[in-house]
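A.B. asks: Below: one structure in structure tokens.
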Amino acid sequence: MTVTTTKKNKTNKNNSLKKNLRNITLAGLLTLPCTNALAIETIFNLHKGSESKTAGFSVAVADNFSKGSNFYWSVGYSSLRDISVDWYYNVQIEWLQDIVIDEDKGDLYFNNSTIDATLSYRQKLRGYNNFLKKVTIEYQAGASLGLTDNKFFWTDLNEERYFSEKGDINPLLAVSTHYNFDKKTALVLGLKYQPSFSEFGDISSIFLGINHKFGKVINY
């Protein structure tokens, strides 16, 4: 991913607006509908990014909106390490926060943490094959809320430049395959894609994990 543009410093007014938006978003995530939850689903995934160094994990909770519904909501925390940005500026970097520099290639490596909220649709496969009967396909769409600042300071320009900031909201898409061992536990393999993550451009990762439901399971 190559970045050729940078963000200007935010004014106090814009910072205040972003802070308020972040607080409203967090409040909304904490009040997602779960009053009808009978079997809250816990999700743990390991992620491998499309770049060689990028890796991370995510944890989340999910549930369907009503008994027997194929539509689900989920809220979770994601963390990715060593997401690279190519830089082509011939200046001295004095200070870097939470960044690793590959001096040979001129790459900056950042760490990103987000809160993710998604809506999804799950479709069970049909057929006479016992294997296919245990497979469910899930399609997800939602947004991520940034929890980290990724910036560096140019001494020559006496200016901070940001690649992402706390409170940034970016879209996300995912598709995954669930293999259901039983009514409560499934192995999950999927692809997560963020088409535009702040100043990083697109970010994608393959994930592998486990879903487990706690409580009374109504349908299977």
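A.B. asks: Can you name every residue in region 199-216 that is open to solvent by 60 Å² or more (accessible area, probe 1.4 Å) and either within 25 Å of residue 112 (Cα to Cα) or within 18 Å of the chain's Cα centre (by Cα) (or both)?
C.D. replies: Across region 199-216, the qualifying residues are 202, 206, 208, 210.
A.B. asks: Considering each of 57, 71 in turn, give the residue that is open to solvent by 80 Å² or more (accessible area, probe 1.4 Å), of a type outside the set (Lys, Arg) and modelled with pLDDT of 80 or more.
C.D. replies: Going through 57, 71 in turn, just one is open to solvent by 80 Å² or more (accessible area, probe 1.4 Å), of a type outside the set (Lys, Arg) and modelled with pLDDT of 80 or more: 71.
A.B. asks: If residue 132 satisfies all but one of (1) open to solvent by less than 20 Å² (accessible area, probe 1.4 Å); (2) in contact with a Lys or Arg (Cβ under 9 Å, 6 or more places away or on another chain); (3) at pLDDT below 95, what's the number of the condition it fails?
C.D. replies: Checking residue 132 against (1) open to solvent by less than 20 Å² (accessible area, probe 1.4 Å); (2) in contact with a Lys or Arg (Cβ under 9 Å, 6 or more places away or on another chain); (3) at pLDDT below 95, the one that fails is (1).
A.B. asks: Tell me which residues, restricted to region 173-198, are surrounded by fewer than 19 Cβ atoms within 10 Å (Cβ to Cβ) and farther than 25 Å from residue 129 by Cβ.
C.D. replies: 173, 193, 195, 196, listed by residue number.
A.B. asks: Hey, among the residues in region 115-129 that are hydroxyl-bearing (Ser, Thr, Tyr) and more than 18 Å from residue 77 (Cβ to Cβ), which one's surrounded by the most Cβ atoms within 10 Å (Cβ to Cβ)?
C.D. replies: Of everything passing the filter in region 115-129, 121 is surrounded by the most Cβ atoms within 10 Å (Cβ to Cβ).
The values are calculated or read from the model by the stated rules, or taken from the named source; none is laboratory data. All values derive from a computational prediction rather than experimental measurement. Ideal geometry is used to build each Cβ from the backbone, glycine not excepted, and the neighbour counts take in all protein chains shown. To get the accessible areas, we keep the full protein, side chains included, count just its heavy atoms, and leave off ligands, DNA and RNA. Shrake-Rupley method; radii C 1.70, N 1.55, O 1.52, S 1.80 Å.
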